[in-house]
Structures are given as structure tokens and as C-alpha cells.
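Report on the following structure.
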Amino acid sequence: MSRQNAALASALFFLLAPGTVAGLLPWVITRWSVQPMPAAYLPLQIIGVILLVAGLGLILESFARFVIEGRGTPAPPMPTERLVVRGAYRFVRNPMYVAVLAMILGQVLLFASLPMLLYAAVVGLAFHLFVVLHEEPALARAYGVEYDAYRAAVPRWIPRFTAKEWAP
């Protein structure tokens, strides 16, 4: 796949998948309405904004890395030609899912929303089940020993704080 086609397909997938899960559905739940809060809650709202911005930056970097390094998209029907193991992928195997959850949890804090917290739990469980039951087996079939070595070296969900250079 050409980089131009991968970029276009990735942009469309970005709007469809993370745009819906971290944008449209949270808007449906909260209407992005910040309620008046006691001043003591302000630090939590600031952390929420930081999580939103950091999550957005992480997911954009991950999508770009799929296009540039992997020559493909995050969309399952149009996978990468190469296993992506650089950038955020040196710290955690699933930075896109981590980024989306960070954005959702940021909205939990920003809007002080219990329904958003429940939504975050459902999304987190759905991500975990999808990764364990579908994505990891598919990557193991597609990339074999290279993916097995990567999986052994990099954690699935909780990022490590130092990036160990990893090469297949």
C-alpha cells in the first residue's frame, strides 16, 4: 500500500473508530457539559485535560507510525506490511487503545461523570477481549517469531517508563 493511500485510509479510520469511541459516544453521554464544581475539584479537571491532550497526541503519533513505518493502517482490513515497533510501541504494545482510554478517563475527570466512568470500564474490557482473543493471535499468525519476540519484550497495557531499544 502506498503511503498516500495508507494516510487517507488511516484518517478515515481515525474518524470512524477513535472518533466515535473517544469523541461521539462521550459527547452523547455528557454533552461535553462541565458542571460547576468546588474549587478543590479543579486539579482533577486539569488532570482530565492533560489526559485528553496526551491521549490525542499519542493516538496521532501511533496512527502516523502505522502509515510511515508499517505502510498500512490500524484498520483490521488494511493491516500494515511490517510490524510497528518504534515510537510509543517501544513502551507499550497497544498505545492506541491506551490513548483512547486516557481520553475517556480524561473526560471522566473533566466532567465528573459516573456514566463516563462506567463507559470507560466497558470500553477497557472490550479492548482487552479484542486484543487477547483476536488481535494478538492474528499478529502472531502474520508476523510469527518477530511478534513473539516483541510480545515477550514489551508489555501489553501498562507502559514501561524507559524505552528499551528492540529490534526483531
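The values are calculated or read from the model by the stated rules, or taken from the named source; none is laboratory data. Here the structure is a predicted model, which means the values were calculated and not measured. Neighbour counts are summed over all protein chains in view; Cβ atoms, including those assigned to glycine, are modelled from backbone coordinates with ideal geometry.
A few comments on the model shown:
- Close contacts from the range 106-130, counting a first residue that is hydroxyl-bearing (Ser, Thr, Tyr) and a second that is assigned to a helix (DSSP H, G or I), with Cβ to Cβ under 8 Å and a gap of 6+ residues or different chains, come to Ser113/Ile29; Ser113/Thr30; Ser113/Gln107; Tyr119/Leu25; Tyr119/Pro26; Tyr119/Ile29; Tyr119/Ile104.
- Qualifying residue in the range 97-113 (condition: in a helix (DSSP H, G or I), at pLDDT 95 or above, surrounded by 23 or more Cβ atoms within 10 Å (Cβ to Cβ) and touching an Asp or Glu at 6+ places or on another chain (Cβ under 9 Å)): yes
- Looking only at the range 1-16, and only at residues there that are within 14 Å of the chain's Cα centre (by Cα) and surrounded by fewer than 16 Cβ atoms within 10 Å (Cβ to Cβ), the one that is farthest from Leu52 (Cα to Cα): Leu16
- Among the residues making up the range 17-32, those that are under 13 Å from the mean Cα position of the chain (by Cα) and surrounded by 19 or more Cβ atoms within 10 Å (Cβ to Cβ) are Pro18, Val21, Ala22.
- Once the range 141-167 is narrowed to residues that are surrounded by 14 or more Cβ atoms within 10 Å (Cβ to Cβ) and either of a type in the set (Phe, Trp, Tyr) or over 20 Å from the mean Cα position of the chain (by Cα) (or both), the residue that is modelled with the lowest pLDDT is Trp166.
- Among residues of the range 60-96, those that are within 18 Å of Phe14 (Cα to Cα) and touching an Asp or Glu at 6+ places or on another chain (Cβ under 7 Å), counted: 5
- Count of the range 38-54 residues, restricted to those that are surrounded by fewer than 13 Cβ atoms within 10 Å (Cβ to Cβ) and either of a type in the set (A, V, I, L, M, F, W, C) or part of a helix (DSSP H, G or I) (or both), is 5.
- Residue in the range 1-18 that is polar (S, T, N, Q), modelled with pLDDT of 95 or more and farther than 22 Å from Val122 by Cβ present: yes
- Any chance Val92 is without any contact (Cβ under 8 Å) to a residue 60 or more places away in the chain, buried (at least 17 other Cβ atoms within 10 Å of the Cβ) and not in a helix (DSSP H, G or I): no
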